[in-house]
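Encoded as structure tokens, the structure appears first; notes follow it.
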Amino acid sequence: MKKHVAALMVLFAAASWSMLFAGPEDDRMAFEKYFTSKFPETPKHDFINGIYSIDPPSREQWLEIEEFPPYELSIDAGRSAWEKPFANGKGYADCFGDGAVRGQYPYWDSGRKEIITMELAINECREANGEEPLKYGKGKLADISAYMSFMSRGQKINVIIPEDDPDALAAYERGKQFYYSKRGQLNFACIDCHGSGSGNLVRADRLSPALGHVSHWPVYRSKWGNMGTLHRRFGGCNRQVRAASFKPQSPQYRELELFLTYMSNGLEYNGPGARK
Amino acid sequence: MLKRIAVVVLLGPLLMLAPTAGLVANADEAMVALGKEVAFDRRKGNCLSCHMMDNGSLPGNQGPALVAMKARFPDREVLRAQIYNPLEKNPHSIMPPFGLHGIISEKEVDAIVDYLLTL
Amino acid sequence: MMKKTILLSVLALVLSFSQVSANAEFEAAWKAADEKRMEAAAVGYEWRDTKKFLKQAKEAAEQGDLDKAMKLVAKAHEQSEDAITQQAREVHLWSSRVIR
């Protein structure tokens with residue numbers, strides 16, 4: 001009898017453990033299934049096109065824009081910057097090879113105990129070679145990121161949360177908590193608009209689904225009139241719900257990027273992109 | 001003397017009633033007008049971003065259309081509570097807590113309720 | 001004549017004292033509101049406009065409009081209190097929103 005009770009207790013503990021601490025892979029599969037069921041018309045691989053994957057009328061307009069992509073100048077500027085040697089004679093290629101490295105980011109650095117994004121790595125490359133870091137968000141750094149993303153088109157999103165490093169899982173969990181928490185005076189969570197609300201209209205704008213959200217950065221956004229990085233957009237979203245935004249490359253936004261990118265594992269990087 | 005008192009007693013309430021009734025009607029109209037203004041103001045109610053409402057163009061569809069409000073909310077207080085703090089009924093509601101978070105003032109909450117009940 | 005002068009200067013003194021104390025009151029309220037703001041920021045929940053209200057309050061006070069300044073401070077303070085309450089609420093709510 002006692003043995004049975006003990007066995008039951010172990011079973012119960014294991015069951016509640018897995019319910020409470022579903023791993024990143026369980027999260028991802030549920031996330032993917034949610035969106036593929038919500039938008040059965042959209043093939044899974046097409047979610048990297050954001051709103052245009054679920055809204056045929058705006059897709060038409062977007063395809064026209066893509067014929068003369070507004071991000072092309074940025075790729076060119078990024079290429080020039082890439083080819084121009086640093087003062088010490090070295091260059092970005094000494095850090096990133098041919099630049100087609102988008103698929104390696106973001107990653108958890110177990111030695112440093114932090115998340116390394118591609119934009120962070122670009123600045124670290126500069127600083128290691130005696131150059132000033134660039135401003136995150138827009139401008140030159142977005143150009144270099146655009147060039148590298150362009151060189152990396154078609155690479156698979158493949159974020160790894162090392163299982164043997166509890167700090168990595170904790171960072172992932174913080175990103176997840178951020179994504180699902182309401183904040184700001186208007187009291188919205190990311191998931192409110194881009195989960196259950198995705199596909200709905202806010203005035204004339206249709207809300208995009210979260211799956212594939214991270215694939216196409218940096219983005220030329222017509223509303224900005226220039227290029228911006230993923231973290232610039234995070235900041236804009238936060239301010240829209242009337243929360244104070246965090247700085248690009250802050251721990252909060254890097255954790256958010258880690259979580260959100262993990263959710264799109266298996267899809268392809270297709271940056272840079274163009275959006276309304 | 002007695003007659004005079006009677007006149008005053010009789011006329012008094014009438015005299016008091018007449019202008020007050022007019023004031024109340026004006027105040028109601030003013031509140032409805034204020035409510036409409038606040039409801040449409042993008043920095044305040046911005047109801048149109050999620051609800052089809054009145055003659056507003058390009059409405060969103062996150063929330064239900066705001067029609068037949070009197071029939072749907074026979075109890076004024078239920079409607080007021082939903083605008084003031086929808087989290088009380090559902091903590092996951094995507095509707096902003098307009099009163100609780102001071103997005104609009106107490107008076108503006110009342111005005112929106114007055115306005116919505118005319119729809 | 002003498003008496004009048006004394007009376008006037010006493011009056012002026014009282015007035016300036018009340019001005020000083022009103023200013024001190026504003027400074028204290030502003031500081032308390034800014035500390036509240038930092039408390040909200042420390043839990044990651046500062047709202048967008050709180051800092052702006054505090055800045056506007058300072059400007060209003062500098063222009064001598066203490067009434068407006070105090071109102072803005074009160075608004076900023078309230079925002080930060082709401083934000084802190086919001087954070088405490090969300091700590092318990094967010095996980096039930098997770099897509100499973």
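The values are calculated or read from the model by the stated rules, or taken from the named source; none is laboratory data. What you see is a predicted model; the values in this text were computed from it and never measured. Backbone-built Cβ (ideal geometry, glycine too); neighbour counts: all protein chains shown.
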(request) Mind telling me which of the residues A:119, A:131 ends up being of a type outside the set (S, T, N, Q), in contact (Cβ under 8 Å) with a residue 40 or more places away in the chain, away from chain C (no Cβ under 14 Å) and surrounded by 19 or more Cβ atoms within 10 Å (Cβ to Cβ)? (result) A:119
(message) Can you say whether residue A:111 is closer than 22 Å to residue A:274 by Cβ and in a loop (DSSP other than H, G, I, E, B), as far as the supplied structure shows?
(response) no
(message) Test of understanding: among A:180, A:269, which residue is aromatic (Phe, Trp, Tyr) and facing another protein chain (nearest Cβ under 8 Å)?
(response) A:180
(request) Mind counting the residues in the stretch A:53-70 that are of a type in the set (Lys, Arg) and out of contact with any helix residue (DSSP H, G or I) (no Cβ under 8 Å at 6 or more places or on another chain)? (result) 0
(message) Going residue by residue through the stretch A:151-173, is there one that turns out to be charged (D, E, K, R) and within 14 Å of chain C (Cβ to nearest Cβ)?
(response) yes
(request) Filter the stretch B:64-87 for residues that are closer than 15 Å to residue A:186 by Cα and either small (Gly, Ala, Ser) or over 14 Å from the mean Cα position of the chain (by Cα) (or both) and give the result. (result) B:85, B:86, B:87
(request) Scan the stretch C:1-49 for residues that are in contact (Cβ under 8 Å) with a residue 24 or more places away in the chain and among the polar types (S, T, N, Q) and jot them down. (result) C:23
(message) So residue C:45 passes all but one of these: (1) at pLDDT below 95; (2) among the hydroxyl-bearing types (Ser, Thr, Tyr); (3) part of a loop (DSSP other than H, G, I, E, B). Which condition number does it fail?
(response) (1)
(message) Pairs needed: first member in the stretch C:63-84, at the interface with chain B (Cβ under 10 Å from one of its Cβ atoms) and under 10 Å from residue C:47 (Cα atoms); second member anywhere, at pLDDT 95 or above and outside any helix (DSSP H, G or I); C-beta distance under 6 Å; at least 6 residues apart or different chains.
(response) C:79/C:47; C:82/B:101; C:83/C:45; C:83/C:47
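One line per residue, one yes/no per condition, for (1) in the same structural domain as residue A:77 (by TED's automatic domain parsing); (2) surrounded by fewer than 18 Cβ atoms within 10 Å (Cβ to Cβ); (3) part of a loop (DSSP other than H, G, I, E, B); (4) within 16 Å of the chain's Cα centre (by Cα):
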position	(1), (2), (3), (4)
A:127	yes, yes, no, no
A:141	yes, no, no, no
A:163	no, yes, yes, no
A:168	no, no, no, no
A:178	no, no, no, yes
A:192	no, no, no, no
(message) Can you say whether residue A:32 is surrounded by 15 or more Cβ atoms within 10 Å (Cβ to Cβ), within 28 Å of the chain's Cα centre (by Cα) and at pLDDT 75 or above, as far as the supplied structure shows?
(response) yes
